[in-house]
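Asker: To start, I am sharing the structure in question, which I have written as structure tokens.
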Amino acid sequence: MLQMKRWCLLLFVIVSQLYFSIVYSEDFPKPDILQPDVDFWLKVYTQVDTRSGYIHDSNDLSVVYEKINIKGGPRANKRHIKQIKSKYASILKSLASGKRANLSKDERYVLSLWGETIDNKTLLNASKAIRFQRGQSDRFFRGLERSGEWRPYIEKTFTDMSLPVELSVLPHVESSFNPRAYSHVGAAGIWQFIRSTGRRYMRIDHVIDERMDPFASTVAAAKLLRHNYQLTQSWPLALTAYNHGVASMRRAIDKLGTRDIAVIARRYKGRSFGFASRNFYVAFLAALEVDRNPNKYFSDINFAQAVDYDTVQLVAYYFAKDISKYLNISKSKLKQHNRALLDSVWSDTKRIPKDYVLRVPKAFLSDTVSTLLANVPKTLRYDEQTPDEFHYVQRGDTISEIADEYGYKVKEVLAANNMNKGHYIRIGQKIRLPVKGSSNNQQIALNKQSDSKVAVVANRDVTDNSSVQKQVEYDLENNSNTKSSPAENELNTELDVSVVAEQEVDDKQAPFLLSDPTDYTVDDKGTIKVQASETLGHYAEWLDIRASRLRKINNMRFGEPVVIGKRIKLEFSEINQAEFEKRRIEFQKDLQGNFFSKYRIDSTSQYKIKRGESVWVLALRKFKVPMWLLRQHNPDINFNLIRPGVLLTIPTLVEVNNA
């Protein structure tokens, strides 16, 4: 009987593992051609720590020349790595010249790695593709231990949102589950959101940065991954888009005619689709393998325990010192569990905002948070935030973002600080905000209205009043905007950060457009696809030519609007294509950045178009969503020829309270 029970248990385990592998392979395939890459990252994550690493070929990850130690300072390590890379480059060049006789010991070794039949061209290319990869085993081990605190919440969130639970291991690749992780490109928190992408789904301002909150950022990550999947229809590509940008992945699909991750990883040649992006998915597969079998790779793992919290949504503004006093908990402990609140709150410069959900471990409490906060005197409950007089520069801030955040023009902030437009600002610097007065505020409001009309004027010239569709879009845009990774950095050092994967974005697509599927590039014929909010006047301005010249090139009559989704030809007599793309993307950055400083995407829903309905009118009257954002969620639908029965994905917006 005992033997039978053992056999039943063994059979159950086998069936369970088989079932898991089937589910795993459907959503996250592991093609045989990518197995060497997965094996490489398994070694990086489990066999080599951050004091050592591999000298390897950046294209064929099965070729590892040497494991080296890097125990010196950054400069010494850099010199050491450079010397070893030069050594192997010299050997490869020698072999690439055709040398096969009288080989030295090192030459025989390198040739054995590539095989006796390797051709000289491949060897020559390999001499230019030598790379160093720092080990990650100690970081991964700490990440495994840290993950225990948030994994139950992350897995429940992904399950509730009908997403594959395997996605919950992505923070291993992004941050080693370090909530303080901050990359050199400004990506923050365990999910490594950059500010502009994070603002689509979270509150990020001078008081709160929800990227640093593992709970709020988990929900945001789930929404972003779901968005990526809806636009790529592939989880490997949705994951790669998380690092490289969804527009680039869609461009790869169009260019290669496939969604096969193996083909795209091997053959896609985007301008900046480099090592980190090509390896993002295989690094994820390696992290998934280790996470699912931690005891196979590590011993003595002490997983952190999930914290049992009591939460309350604040009904007023409070100073942190008062919350601390009446809860009888130190501010340092409160800060540890409310990571979204920035230093201005903990220094009592700003109050904890109204409606903020305070999170306190039950083990610290003598009663419920609500009961204890009821004892706070009314004189210590405030209806408003403390006035803004200064802004302390946070990592990733720019003068333009600071100005927008507080409702000023850039020139006003510059003038208040005796700065010029190219002035450099540093983290922690105190930026004086312009003095607020009634007349000043009124002028600012008028300025904002004027700027908004210029920035979001729909696809028509100011002289054209003939198109009802375009006028509807203009009204919508105006109303919506004015209504109240595999470590690419070879020698990165760990201070308060634990960066495993760096975002690597196609230089055609600026980092702030990671979740924007729109292709803003100029094609080989010198044409672009017209996007919502762009006009012929914009294109002429970005090209430094007259609009009449563009009309002549495109055989357009005076007053004829450009049509969204159609291609128009450009002329590059005054500037080059790269400069045009830069100006175009800067426009989109300002447009979208301004919008997401006021709104965030709460959820999405499906809507079936009925006979006689206009998507332009629906966007304005029913959905209350700007056309450019609606198009971002439905990039494959021709809004000019939409038919009844077509399903639209509609983003639901909520207003952000920046007080």
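Here, each number is a calculation from the coordinates, and none is a lab measurement. Note that the structure is a prediction, hence the values are computed from the model and not measured. No Cβ is skipped: glycine too gets one built from the backbone with ideal geometry, and neighbour counts run over all protein chains shown.
Asker: Rank GLY274, SER176, SER217 by how far each Cα sits towards the positive end of the charge dipole of segment 137-297 (+1 on Lys, Arg Cβ; -1 on Asp, Glu Cβ) and give me just the farthest.
Answerer: Sorting the options by dipole projection puts first GLY274.
Asker: Can you find, among THR349, PRO294, THR386, the residue farthest towards the positive end of the dipole of segment 290-403? Put +1 on the C-beta of Lys and Arg, -1 on that of Asp and Glu.
Answerer: Highest projection toward the positive end goes to PRO294.
Asker: A further question on this structure: Can you list residues from other chains, or at least 5 along the same chain, whose modelled amide H is less than 5 Å from the amide H of LEU653?
Answerer: ASP602
Asker: Sorted by mean Cβ packing within 10 Å, highest first, what order do the peptides 73-80, 354-361, 230-237 take?
Answerer: Peptide ranking by packing, descending: 230-237, 354-361, 73-80.
Asker: What lysines does LYS325 reach when the alpha-carbon gap must be under 30 Å and sequence neighbours fewer than 8 apart in one chain are set aside?
Answerer: Those lysines meeting the cut-off are LYS333, LYS335, LYS350, LYS354, LYS362, LYS378, LYS430.
Asker: On to the next question. Cβ neighbours within 10 Å, averaged per peptide: list 95-105, 643-653 in order, most packed at the top.
Answerer: 643-653, 95-105
Asker: Then there's this: What nm value, rounded to one decimal, do you get for the distance between ALA129 and SER347 when each label is placed 7 Å out toward the C-beta?
Answerer: Distance between the two pseudo-spin positions: 5.0 nm.
Asker: At a 10 Å Cβ-Cβ cut-off, how would you order PHE141, PHE558, PHE28, fewest neighbours first?
Answerer: Going from least to most buried by this count: PHE558, PHE28, PHE141.
Asker: At what distance in nm do the modelled label points of GLN83 and GLN577 sit from each other, each positioned 7 Å from its Cα along Cα→Cβ?
Answerer: Distance between label points: 4.5 nm.
Asker: To the nearest 20 debye, what is the magnitude of the charge dipole of segment 309-380 about its Cα centre, counting +1 on the Cβ of each Lys and Arg and -1 on the Cβ of each Asp and Glu?
Answerer: 140
Asker: Another question, then. Which entries in LYS255/LYS566; LYS269/LYS582; LYS421/LYS529 show an alpha-carbon gap greater than 24 Å?
Answerer: The answer is LYS421/LYS529.
Asker: Another one. How would LYS430, LYS93 line up from fewest to most surrounding beta-carbon atoms within 10 angstrom?
Answerer: LYS430, LYS93
Asker: Show me, for segment 525-533, the HN-Hα J-couplings you get by feeding each phi into the Karplus relation (A = 6.51, B = -1.76, C = 1.60, θ = phi - 60°), rounded to Hz, glycine and proline as x.
Answerer: Values, residue by residue: 8, x, 10, 10, 8, 5, 10, 4, 6 Hz.
Asker: Under a crude label model (7 Å from the Cα following the beta-carbon direction), how far is ARG292 from VAL307 in nanometres?
Answerer: 3.1
Asker: Based on the alpha carbons, how large is the Rg to Rh ratio for segment 309-380 when Rh follows Kirkwood?
Answerer: 0.90
Asker: Of the lysine pairs in segment 51-134, how many meet both conditions: Cα atoms under 19 Å apart, and a spacing of 8 or more in sequence or different chains?
Answerer: For segment 51-134, qualifying lysine pairs total 25.
Asker: In Å, the Kirkwood hydrodynamic radius of segment 233-291 over pairs of distinct alpha carbons?
Answerer: In segment 233-291 this quantity evaluates to 11.4 Å.
Asker: Can you tell me which lysines have their Cα less than 24 Å from the Cα of LYS624? Leave out same-chain residues fewer than eight positions away.
Answerer: Cross-link targets: LYS223, LYS448, LYS453, LYS470, LYS483, LYS589, LYS598, LYS608, LYS610.
Asker: Continuing with this model, one more query. Counting other C-beta atoms within 10 Å, which of GLU26, GLU174 has the fewest, and how do the rest follow?
Answerer: Least to most surrounded, the residues fall as GLU26, GLU174.
Asker: About its Cα centre, how strong a charge dipole does segment 389-435 have in debye, to the nearest 20, once Lys and Arg get +1 and Asp and Glu get -1 at the Cβ?
Answerer: Using only the charged Cβ atoms, the result is roughly 220 debye.
Asker: Could you calculate the FRET efficiency of SER605 with ASP300 from 1/(1 + (r/R0)^6), where r is the beta carbon distance between them and R0 is 41 Å, rounded to 0.05?
Answerer: E(calc), rounded to 0.05, equals 0.30.
Asker: At what distance in angstrom do the alpha carbon centres of segment 310-327 and segment 346-410 lie from each other?
Answerer: 10
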